[in-house]
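Below: one structure, written as structure tokens.
The values are calculated or read from the model by the stated rules, or taken from the named source; none is laboratory data. A quick note: this is a predicted structure, and the numbers were derived from the prediction, not measured. Using ideal geometry, Cβ is built from the backbone for each residue, glycine included, and neighbour counts are taken over all protein chains shown.
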Amino acid sequence: MEKKQEASWYALYTKSRAEKKVFEQLTAMGIETYLPLKKTLRQWSDRKKWVEMPVISSYIFIKIPKADYQKVFDVNGIVAYVSYKGKACIIPDNDILAMKRAIENQMEFSVESGQIEKGQQITVTSGPLEGIKGEVIDIQGAKKIILRINQIGYTLVVNLDSATFKKD
């Protein structure tokens with residue numbers, strides 16, 4: 001009996017404005033895919049329209065076992081894996097979960113427990129982001145905190161309301 005290889009999250013870099021097409025193709029292949037989108041009001045010369053735009057341009061996230069690593073390049077529009085020192089970065093499940101919760105809930109936040117400072121490692125202890133760990137990069141007022149997602153080189157700006165934290 002063959003041992004099932006555990007799947008990990010990876011970030012893929014796509015051609016400009018190809019994120020949705022890549023998402024559809026990967027999903028059709030049976031690959032677990034996450035494309036964070038946000039609704040924005042776009043203005044054209046003759047009209048305004050609400051459209052869903054990627055939160056991070058040219059990025060899409062996939063969860064695959066290492067054995068399927070090359071399989072994704074069958075999809076038109078994929079440029080490369082997001083890598084560090086030539087090796088594709090594995091993104092912890094918690095980082096993907098944090099991104100999903102922050103985007104899906106569109107929440108306001110307030111920091112309720114103790115003084116939080118730049119550079120500190122924290123864990124959210126209540127609210128929709130409960131269990132998420134991150135490094136505080138910046139604090140903008142009492143209601144906005146910026147958490148670093150190291151693996152993809154981006155930061156997640158989160159407005160916090162009705163959430164508490166503990167220092168790690």
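Remarks
- The condition of being small (Gly, Ala, Ser), free of Cβ contacts under 8 Å to residues at least 12 places away in the same chain and not in a strand (DSSP E or B) holds for only one of Ser57, Ser16, Ser45, that being Ser45.
- Sole exception among (1) surrounded by 14 or more Cβ atoms within 10 Å (Cβ to Cβ); (2) at pLDDT 85 or above; (3) in contact with a helix residue (DSSP H, G or I) (Cβ under 8 Å, 6 or more places away or on another chain) for Val55, by number: (2)
- Every residue from region 20-53 that is under 16 Å from Val75 (Cβ atoms), in contact with a Leu (Cβ under 6 Å, 6 or more places away or on another chain) and not hydrophobic (A, V, I, L, M, F, W, C): Thr33
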